[in-house]
Amino acid sequence: MINLIHQEMNHLIVSKLTNSGLKELLLSFIAHKKALNFAQLTWIHYQAFGGKGEQIYRLAAAVELLILSFDILDDLEDQDNTEEPWMQLDYSLSLNAATTLYTLSQSAILTLHSSHKVEIYQSFLKYSLLAMEGQHDDLENNITSEEHCLQTMKLKSGSLIALASVCGMQLAGKYDTKVEEYSYEIGLAAQTENDFRDLFNPHKKDSSSKKQSLAYLYLQKKYNNHSNDLFLFYNSKQDIQQFFGSLESYKQKLLNAGILQYLNVIKQVAINRAARIIDSLNLDQDQIDRIKSTIL
């Protein structure tokens, strides 16, 4: 399945573009992309809701082209993940590559041989715009409450999970609002996991931006002396070694502050909500289990 989707992604690039330099660049980005998690979501939902046929590979390829374009734009906007190939190019080339991938993904939807392609295209636009709104809030960095932060996280990450899942379901000729509901919960859990990992990445510390993440909002409340120490650290110009003496001391400080437990609770509550919604789907149990094993 993965190989077929990769092939379709390559085909969409080669068949739609004439500029050899741009084609070569985009094909190199596709080759770099090993995991196709969003395409898998599309495929699983298509199968679970009774879909049969080869058009799923084109749809899944379109989804992954879109996700890749968003990944590139996100990295350019945040100026992180510098090891990615598009971050090692001139900014203008990477930006043009991202907008080309975005346009190719839209074009691919219009070539689907399906009576549902209009609905699918509408979902592409709907969830893309919602994800862009979430990204805008994140870039503005003016989030002041946990509720606002959670909503932004859902929009930024959950909208793309919803896009992949809902479009797969729609290609199968079905629609259930529960798919969107649990997609947003999974998006929240995934974004929380990313924030959790970022705490242990010294390269993610940016004392100038003071990113208004869940972790930072938690520290602002200064529940204990450990929280206060971490808050001072994130607002300092020092790195982990300079401030805490060692990475192990920093990790222990995170644990003592309660921030790790807090993020884990947020994540587990979202996962549990998603599991309950998936269990309520009007599908055979084996299909429910397949969705849960993939998405959870």
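In whole percent, and with a 1.4 Å probe on the protein chains, what portion of the accessible area of the range 6-84 is carbon and sulfur?
On the way: 1650 of 3460 Å².
Answer for the range 6-84: carbon and sulfur cover 48 percent of the accessible area.
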When ranked by the protection proxy of mean other Cβ atoms within 10 Å per residue, highest first, what sequence do the peptides 90-102, 14-26, 189-201 form? 189-201, 90-102, 14-26
Can you compute the helix-only [θ] at 222 nm over the chain? Use -39500 (n - 2.57) per DSSP H run of at least 4 residues, normalise by all residues, nearest 500 deg cm²/dmol. -23500 deg cm²/dmol
Taking the Cα centre of the range 95-203 as the origin and placing charges on Cβ (Lys, Arg +1; Asp, Glu -1), which of Gln151, Leu112, Leu139 is farthest toward the positive end of the dipole? Leu112
Where the accessible area of the range 110-261 is counted over protein heavy atoms with a 1.4 Å probe, how much of it, in %, is carbon and sulfur? 52 percent
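At 1.306 mPa s and 10 °C, plugging the Kirkwood radius over alpha-carbon pairs of the range 141-296 into Stokes-Einstein gives what diffusion coefficient in µm²/s?
93 µm²/s
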What share of all Cα pairs of the range 245-296, in percent, falls into each consecutive 10 Å distance bin? 22, 31, 20, 17, 9, 1
Entries of Lys178/Lys292; Lys156/Lys292; Lys156/Lys222; Lys117/Lys267 with Cα pairs more than 24 Å apart: Lys156/Lys222; Lys117/Lys267
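What ranking, highest mean first, results for peptides 136-148, 52-64 when packing means the other Cβ atoms within 10 Å averaged over each residue?
Details: 136-148: 13.4, 52-64: 21.6.
Descending packing order for the listed peptides: 52-64, 136-148.
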Rounded to the nearest Å, the spacing of the alpha-carbon centers of the range 41-85 and the range 150-168 is 12 Å
With +1 on the Cβ of every Lys and Arg and -1 on the Cβ of every Asp and Glu, the dipole magnitude of the range 1-103 about its Cα centre, in debye rounded to the nearest 20, is 660 debye
Scoring only Lys, Arg, Asp and Glu (+1, +1, -1, -1) among other residues with Cβ under 12 Å from the Cβ of Cys149 yields -2
Using the Kirkwood radius over Cα pairs, work out the Stokes-Einstein diffusion coefficient for the range 121-170 at 37 °C and 0.692 mPa s, in µm²/s as a whole number. 297 µm²/s
Specify which residue in the list Ala172, Gln285, Ser246 is farthest towards the positive end of the charge dipole of the chain, using unit charges on the beta carbon of Lys, Arg (+1) and Asp, Glu (-1), about the Cα centre. Gln285
Leaving out ligands and nucleic acids, and using a 1.4 Å probe, what accessible area per residue does the chain come to in Å²? 48 Å²
With charges set only on the Cβ (+1 for Lys and Arg, -1 for Asp and Glu), what does the dipole of the chain come to about its Cα centre, in debye to the nearest 20? 320 debye
Using only Cα atoms, what Kirkwood radius does the range 17-71 have, in angstroms? 12.4 Å
What list of whole percents do you get for P(r) of the chain, with Cα-Cα distances grouped in 10 Å bins up to the one holding the largest distance? 6, 26, 31, 23, 12, 3, 0
What fraction, in whole percent, of alpha-carbon pairs in the range 85-180 exceed 19 Å separation? 54 percent
Loop-only check: which trypsin sites (Lys or Arg not before Pro) in the range 108-196 are DSSP coil with at most 12 other Cβ within 10 angstrom? none
Residues other than Tyr262 with Cβ under 11 Å of its Cβ, Lys/Arg counted +1 and Asp/Glu -1, net out at 0
I want to verify the translational diffusion coefficient of the range 13-113 in µm²/s; compute it with Stokes-Einstein, Rh as the Kirkwood radius over Cα pairs, at 10 °C and 1.306 mPa s. 111 µm²/s
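The values are calculated or read from the model by the stated rules, or taken from the named source; none is laboratory data. None of the values given here were measured: they were computed from a predicted structure. A quick note on method: Cβ atoms are made from the backbone with ideal geometry, for glycine too, and the neighbour counts reach across all protein chains shown. Heavy atoms of the whole protein, side chains included, go into the accessibility calculation; ligands, DNA and RNA do not. Shrake-Rupley method; radii C 1.70, N 1.55, O 1.52, S 1.80 Å.
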